[in-house]
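The structure appears right after this line, and notes come after that.
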Amino acid sequence: MEEVDKLISILSPIEREVLPHLSIGEESKIASESGMDVAKVKRALAYLDNKGVIKMRFEEKRMIVLGDNGHLYIKNELPERRLLIALSRKKQLSMQDAKKEAKLSDNEVSVALGTLKKKALMEFKQGKMTLNASNKEILKPFLEEIFLKSLPKPFSDLKPEEKLALENLKKRRDIVKVEEVKHSAYEITSLGKKLLKNLNKVKAYSKNTIEVLNSDMLKTGSWKGKEFRHYDIKTGAPKLHGGKRHFMNQSIQYARKIWMDMGFQEMEGDIINTAFWDFDSLFVPQDHPAREMQDTFFLKEKGKLPDKKLVQAVKAVHETGGKTGSKGWQYEWDEEKAKRLVLRTHTTVLSAKTLTNLKKSEWPAKFFTVGRNYRNETIDWKHSFEFNQTEGIVVDPNATFRDLLGYLKQFFTKMGYPQARFRPSYFPYTEPSIEIDVFHPIRKEWVELGGAGIFRPEVSEALLGEKVPILAWGPGFDRIMLEYYKIKDLREIYSNNINQLRNMKFWIK
Amino acid sequence: MAIVNLNKKLLEKKTGKITDKLRNRISMMGCPIEAETPEEIQVDITPNRPDFLSQQGIERSLLTFIGKKKGLRKYTSKKSGYQLIVEKSLPKEWPYAFACIVKGLKFDDEKIKEVIQIQEKLGSTLLRNRKKGGIGLYPLEKIKFPVKFIGMHPDKIKFRPLEFPKEITGRQILQKHPTGRDYASICEKWSKLPVFVDKSGKLMSMPPIINSHDMGKINESTTEVFVEVTGTDFNILQKALTIMVTTLADLGGDIYSIDCVQQNKKKITIPNLIPEKMKISTKNVNKLLGLELKDKDVKKFLEMMGHDYSNGTVSIPSYRVDVLHEVDLIEDIAIAYGYENFNETIPNVSTIANESKIEVLKNKIAEVLIGLDLLETYSHSITTYEDECKKMHTKKELIHLSEAKTNYKDMRATMLPSLMKILSNNRDVDYPHRIFEIGKVFEKRKNEITEKTNLALTLTNSNFTEVRQVLEYLAQMLDLKVEFKETTHDSLIEGRTAKVFINKQEVGIIGEVHPKVISDFRLLVPVAAFELELDKVLKLI
């Protein structure tokens, strides 16, 4: 009995409402008898099923329903009926007149004609349709008409003559449809039977308990001494989703915070740059493969070069090494090639620009950015034409290679990768150059993240006009982010599937 | 990056058993291992080390790196007494040629394949897909000296190219021969094409395209080869040849020099195997790397990298192309010291952080909008004309990207189309959709290209009043005064569209999206939207 009492205490109002009608055994009938709407009954039954009061069964049922033309004909009569009425008025009609008189399309008139002939209600005389039916026959409804009006109907309930009507109508366009409908039925469990025997208790309980606490009760204190109806905690609640930042930006904000915590100033700047900034200022020779159309997005337009002094300094390091003590690339540097506009291929552009504006009095100085870059790529699960980099430079007369490794180690530790490994690598603008791998603690393997190094004198001296070591890095960012959110496909970053965005976990580090 | 396959059996003969430690050494020398099979180790080669493009080249460096050998490997050449004459008739685009001889080679099928591979790889990397130059090898026995390098009219050139059934003209080679077609773009516009001719007048090849089948095909009986390089870059060409012949020397050959008379009549004896000298200061090494090395350590590490060192001067092997500056040697020392052996340091330097102003604004705006249950999106800034203009019923000149590999070929000029596209892609997701995005947009006006940071926001199942409420709330939170002035816009419904003014300055547009636009994005819900230029807003804060 205790079980039933417990059960009674957690019944919701709609469950209580449906209980007295439960033995009817069918949703729609409960609805019509109780006056509740069907959706409400469905919900109540689902709750009762959850509580083990009833056991729901779902079965697929074939239902015959009206098609689009079916609905139309119910309103306007079947074509054969319309033709029969027209004939009953005029007794004899030519094809053209029949169409006009009965308002039938070409298609309809031929169907109507065939049907009436088959029913022997009409015949052809001298090439004209002639009525062949008594008044009584005219007034008698067709089998098909009776059938259409009875829809929707389960296939299993059809009588033989209805099946015949169905066969006839199925041959015609869109009058009837057969639909698979999910049909639910239930039986009352033994617990349910016990509960139904105690309906009076249910009623009494609801009278003595509070369903919704309201301001009046609080004002008057009428809640005192009463019990609150218990909720079924096991029942789930509908999902909520709030506003939030895109997961990519959440992780970018975190990376920005790491750099700022370490005293770095943020850099910002344009996506579209001259090749001068993207390549030449960084000592990338003008015939370098990265500067070809198949790797880099070029614009038709050309841009302006910065002041002559800087252009000359860059030209000099390319051609002869300038005053840096380098041999340079030893070719004739072409100003026109440097004017071409590109979508930046790396955030290192921002570092280059920052350096040209930095005064010696501002040393030591540290800068960072997290930004979007572009390369002319096709798109698949691991390639994209847009990607993010986290860029940093340190201008410090005392900076060393060991410091470079230190800053990077610190950053990746905070990003969740305490184990970092550095390998020799090559970039035209850094020497020494390193490749950064981090150890993936779950997949137990090294993940390659990108490059870093110390700017070559050909870069730092041309841009800054001073000899000073500049630590620089620009590892990719998307990969760490994908790992965190367990995304396999780069395309998902930009897919903006609202369901995914609503359900995606927050970046917590 | 180029890939080189190391034959494990051959490698083991030189280095001893291949262990994990050796694999690590290969990787820490700067050749990351990409893959491994029972027969081969596949390594990645960075463009600064074309001397690593062969098994011999990698072994040469690995042996000093792991301590089996020490210092500079000496290569010498004897005089062959032959001449190469480079003539003025050459196309001006292809002015240089150098050549030498290697004798005493024992080729088998494997070795021939290997030599061809090095030649190909040097051509595709150091020589930039042969645009800078090409390398050719010929059996010496067929050649009568002096050899001339001359320019000829494409229709007058006639020989049987490698692996081709018959003799054809130079022009036909570029059209019909598979290699000819591959590289035709380099020289098809030249009025004359360069060819090697020997003393008896036989055409040997048409660089940088293809050799003659009769004169320029190496086989297993070949023991002596004529090696040439031609092209555009005086220095790089000589380096490419040096890498090629030192590799052949490592395969057991003896190098013989040729006097190469250039167009200016200057005689250059090739190859130049003399090590280049460069000064290095131990103080600079220690300063840059943060170490406390002594001269003898510097010497040890440089010798591990295949250099010689004595009294502050380094002798650099002639096959190295990447040593432009002292820092390149310092990197070599760092590699020899071992990147894994550096203790990381965080310097005790105080600097003050600073957040970019526009980022601060972007984050504040995001914070306000999230409080209103809006979802932030993240879309591509490269778009299609279709999405940006056609579906929006607007006309704009977009910034076009040359030879883009996907259908996305234009830069977006506004943010709103990106959001409309997102709504369009989420038709089957529970409504309402309340989204916003802040991103870069790109505009071209009178040939002037400008970049802006815009904010766009859309509400579905919504109207002018609701989207206006959002904007007014946002403005209030940013302590700005917003006003509206009725206007028209091609993408918005007339009578429900306004210009947005903040503190009297026009900063954007607000309105209900026109049903023709909604339909073109295949949506069935009303959409209200605004778009603001944040750079202007920033100036008002």
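Rounded to the nearest 500, the 222 nm mean residue ellipticity of chain A from helices alone is -11500 deg cm²/dmol, with -39,500 (n - 2.57) taken per DSSP H run of at least 4 residues.
Using 1/(1 + (r/R0)^6) with R0 = 35 angstrom and r between the beta carbons of A:D37 and B:I370, what's the FRET efficiency to the nearest 0.05? So, using R0 = 35 Å, E works out to roughly 0.40.
For the range B:64-170, the alpha-carbon radius of gyration amounts to 1.35 times the rule-of-thumb value 2.2 N^0.38 Å expected for a compact globular protein.
As a rough guide to protection, the peptides A:142-153, B:418-429 ranked by mean Cβ packing within 10 Å, highest first, stand as B:418-429, A:142-153. Label separation (A:Q96 vs A:H440): 7.9 nm, computed from points 7 Å beyond Cα along the C-beta direction. How would the range A:255-297 be classified by its alpha-carbon gyration tensor: rounded, prolate or oblate, with rounded meaning a/c under 1.5 and the a/b versus b/c comparison settling the rest? Prolate is the answer for the range A:255-297, as a/c is 1.5 or above and a/b outweighs b/c. Expressed as a fraction of 2.2 N^0.38 Å, the C-alpha radius of gyration for the range A:73-199 is 1.57.
For the range B:118-148, applying the loop criterion from DSSP together with a ceiling of 14 other beta carbons within 10 Å to the trypsin sites (Lys or Arg not before Pro) yields B:K144. Kirkwood-type hydrodynamic radius, chain A: 31.8 Å, calculated from all non-identical alpha-carbon pairs. Sorted from longest to shortest, the spans of the Cα atoms of the range A:237-387 along the three principal axes equal 72, 42, 24 Å. The Kirkwood radius of the range A:19-82, taken over pairs of alpha-carbon atoms, gives through the Stokes-Einstein law at 37 °C and 0.692 mPa s a diffusion coefficient of 224 µm² s⁻¹. Between A:E319 and B:D250, the simple label model (points 7 Å from Cα in the Cβ direction) yields a spacing of 3.6 nm. Considering only Cα-Cα distances, which of the following residue pairs are longer than 30 Å: A:K505/B:K421; A:K505/B:K21; A:K55/A:K239; A:K505/B:K391? Those over the limit are A:K505/B:K21; A:K505/B:K391.
Using the Cβ-Cβ distance between A:N50 and A:E26 with R0 set to 25 Å, the FRET efficiency from 1/(1 + (r/R0)^6) comes to roughly 0.80. Measuring only protein heavy atoms, the 1.4 Å probe finds A:Y73 accessible over about 20 Å². Surface calculation, 1.4 Å probe, protein heavy atoms: A:R291 sits at approximately 20 Å² accessible. Here, the range B:116-198 yields an orientationally averaged convex hull projection of 5.9 nm² when only Cα atoms define the hull. Accessible area per residue (1.4 Å probe, heavy atoms of protein chains only) ranks A:W363, A:W329, A:W223 as A:W223, A:W329, A:W363, with the largest value leading. Per-residue mean of foreign Cβ neighbours for B:27-37 is 2 (Cβ atoms of other chains, 10 Å radius).
Per residue of peptide B:504-510, the mean number of Cβ atoms on other chains within 10 Å of the residue Cβ is 0. Projecting label points 7 angstrom from Cα along Cα→Cβ for A:R57 and B:K516 puts them 5.9 nm apart. The count of lysine pairs in the range B:207-307 whose Cα atoms are under 18 Å apart, excluding pairs fewer than 8 places apart on the same chain, comes to 15.
Using protein heavy atoms only (no ligands, DNA or RNA), what is the total accessible area buried between A and B, 1.4 Å probe, nearest 100 Å²?
The summed interface area works out to 7600 Å².
Using the 1.4 Å probe convention, the accessible area of the range B:261-321 works out to 51 Å² per residue with neighbouring protein chains retained. Per residue, the average separation of C-alpha pairs within less than 8 Å and at least 6 apart gives chain B a relative contact order of 12 percent.
Quantify how much of the Cα-Cα distance distribution of the range B:427-541 extends past 22 Å, in percent.
More than 22 Å apart: 35 percent of the Cα pairs in the range B:427-541.
Could you work out the relative contact order of the range A:152-258? I mean the mean sequence separation of Cα pairs under 8 Å and 6+ apart, divided by the number of residues, in percent. With pairs under 8 Å counted, the relative contact order is 14 percent.
How big is D, in µm² s⁻¹, for the range B:351-461 by Stokes-Einstein at 37 °C and 0.692 mPa s if Rh is the Kirkwood radius over C-alpha pairs?
Taking Rh from Cα pairs, D becomes 212 µm²/s.
A straight chain from A:V65 to A:E336 at 0.36 nm per residue would run longer than the Cα-Cα distance by 90.2 nm. Where only DSSP H runs of four or more residues are counted, chain B gives -9000 deg cm²/dmol as its mean residue ellipticity at 222 nm, each run worth -39500 (n - 2.57).
Surface composition of chain B: carbon and sulfur atoms hold 48% of the protein heavy-atom accessible area at a 1.4 Å probe.
A:L158 contributes about 20 Å² of solvent-accessible surface, heavy atoms of the protein only, 1.4 Å probe. Mind running the shape call on the range A:338-474? Use the C-alpha gyration tensor, a ≥ b ≥ c as the square roots of the eigenvalues: rounded below 1.5 for a/c, prolate if a/b tops b/c, oblate otherwise. It is oblate, given that a/c is not under 1.5 and a/b is not larger than b/c. The percentage of C-alpha pairs in the range A:222-312 whose separation is greater than 16 Å is 77%. From the Kirkwood radius over Cα pairs of the range B:1-140, Stokes-Einstein at 25 °C and 0.890 mPa s returns a whole-number translational diffusion coefficient of 142 µm²/s.
Residues of the range B:398-421 that bury at least 40 Å² of accessible area when the other protein chains are present, relative to the chain alone (probe 1.4 Å, heavy atoms, ligands and nucleic acids excluded): B:H400, B:L401, B:S402, B:E403, B:K405, B:T406. Kirkwood analysis of the protein assembly as shown, using all unique Cα-Cα pairs, places the hydrodynamic radius at 36.3 Å. A simple packing score, the average count of other Cβ atoms within 10 Å per residue, orders the peptides B:293-299, A:272-278, B:169-175 as A:272-278, B:169-175, B:293-299, with the highest score first. Note on the range A:273-322: Rg/Rh from C-alpha atoms, Kirkwood Rh, equals 0.98.
How big is Rg to Rh over the range B:53-118, alpha-carbon atoms, Rh as the Kirkwood inverse-mean-distance radius?
Dividing the radius of gyration by the Kirkwood radius yields 1.09.
What does a probe at B:K13 reach in the range B:91-117, counting residues whose amide N is under 19 Å from the point 7 Å along Cα→Cβ? Once the point is set 7 Å along Cα→Cβ of B:K13, B:103-117 turn out to lie under 19 Å by backbone N, inside the range B:91-117. Segment A:K226..A:L72, full-extension length gain: 49.6 nm, with 0.36 nm per residue of separation and the alpha-carbon distance subtracted.
Given Cα pairs under 8 Å that are at least 6 residues apart, what percent is the relative contact order of chain A?
Computed over chain A, the figure is 13 percent.
Note on A:L143 and A:K177: with the Förster distance fixed at 22 Å, the Cβ-Cβ geometry gives a FRET efficiency of about 0.75. Across peptide A:485-494, the average count of Cβ atoms from other chains found within 10 Å of a residue's Cβ is 1.
Rg then Dmax, both in Å and based on the Cα atoms of the range B:190-312: 20.7, 64. A quarter of the convex hull surface defined by the alpha-carbon atoms of chain B gives 35.4 nm² as the mean projection. Once a ≥ b ≥ c are taken as the square roots of the eigenvalues of the Cα gyration tensor of the range A:1-137, is the result rounded (a/c under 1.5), prolate (a/b larger than b/c) or oblate (a/b not larger than b/c)? It is prolate, given that a/c is not under 1.5 and a/b is the larger ratio.
The values are calculated or read from the model by the stated rules, or taken from the named source; none is laboratory data. Given the structure is predicted, the values throughout are model-derived calculations rather than measurements. A quick note on method: Cβ atoms are made from the backbone with ideal geometry, for glycine too, and the neighbour counts reach across all protein chains shown. Note: accessible area is taken over every heavy atom of the protein model, side chains too, but ligands, DNA and RNA are not part of it. Shrake-Rupley method; radii C 1.70, N 1.55, O 1.52, S 1.80 Å.
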